[in-house]
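These notes concern the structure reproduced below.
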Amino acid sequence: ILQIPVKGSLLYDFPFQVMDYATGYEYIGEAIKRGLADPEVKGIALVVNSPGGMVSGCFDLSDRIFAARGVKPVAAFCEYAYSAAYALASAAGTLTVSRSGGVGSIGVVVVQAE
């Protein structure tokens, strides 16, 4: 099973995963692509611990995750997955949340009033 970290802030046009701080949509997409192409990989696990991230690129990646389900099993395992992270996790074939975790709030925007 290929485990792909979806951690920290989710960023558009960012090809890296930096510990628990940030993960790029491009990084996740390329990891999925490699997992689908590798005959040794029998399934893909998204390991999600993220407050969310950028709108740009989020739904394109969600579509890719959803399409990957037709090739190999895709599951999301969440400690917490809010906003963009929940959008990605919800595209997986199954979504599991830890007992103390949480998910939700796709499309919420925070604005600070002056």
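The values are calculated or read from the model by the stated rules, or taken from the named source; none is laboratory data. What you see is a predicted model; the values in this text were computed from it and never measured. Quick reminder, even Gly has a Cβ in these numbers, built from the backbone with ideal geometry, and neighbours come from all protein chains shown. Side chains included, ligands, DNA and RNA excluded: accessible areas come from the protein's heavy atoms. Shrake-Rupley method; radii C 1.70, N 1.55, O 1.52, S 1.80 Å.
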In region 54-83, which residues are touching a Leu at 6+ places or on another chain (Cβ under 7 Å) and not hydrophobic (A, V, I, L, M, F, W, C)? Ser62, Lys72
So which of Gly24, Gly52 is under 10 Å from the mean Cα position of the chain (by Cα) and over 21 Å from Ile1 (Cα atoms)? Gly52
Enumerate the pairs (first residue in region 23-43 and over 10 Å from Lys72 (Cβ atoms); second residue anywhere and polar (S, T, N, Q)) with beta-carbon separation below 6 Å, excluding pairs fewer than 6 apart on the same chain, so at least 6 apart or on different chains. Thr23/Gln17; Tyr27/Gln17
Could you check how many residues of region 100-114 are modelled with pLDDT under 80 and either open to solvent by less than 70 Å² (accessible area, probe 1.4 Å) or of a type outside the set (S, T, N, Q) (or both)? 7
Kindly check whether there is at least one residue in region 8-25 that is among the charged types (D, E, K, R), open to solvent by 10 Å² or more (accessible area, probe 1.4 Å) and modelled with pLDDT of 95 or more. no
What are the residue pairs meeting all of these: first residue in region 1-16, first residue free of Cβ contacts under 8 Å to residues at least 12 places away in the same chain, second residue aromatic (Phe, Trp, Tyr), Cβ atoms under 8 Å, and 6 or more apart or on different chains? Phe16/Tyr27
With the first residue restricted to region 56-82 and required to be open to solvent by less than 90 Å² (accessible area, probe 1.4 Å), and the second required to be of a type in the set (Gly, Ala, Ser) and assigned to a helix (DSSP H, G or I), Cβ contacts under 6 Å at 6 or more apart or on different chains are Cys58/Ala84; Cys58/Ala87; Leu61/Gly29; Ser62/Ala87; Val74/Ala68; Ala76/Ala89; Cys78/Ala89; Ala81/Ala89
Select from region 83-99 the residues that are of a type in the set (A, V, I, L, M, F, W, C) and either open to solvent by 30 Å² or more (accessible area, probe 1.4 Å) or in contact with a His (Cβ under 6 Å, 6 or more places away or on another chain) (or both) and list them in ascending order. Leu95, Val97
I'd like to check something: does region 45-54 contain any residue that is surrounded by 13 or more Cβ atoms within 10 Å (Cβ to Cβ) and touching a Cys at 6+ places or on another chain (Cβ under 6 Å)? yes
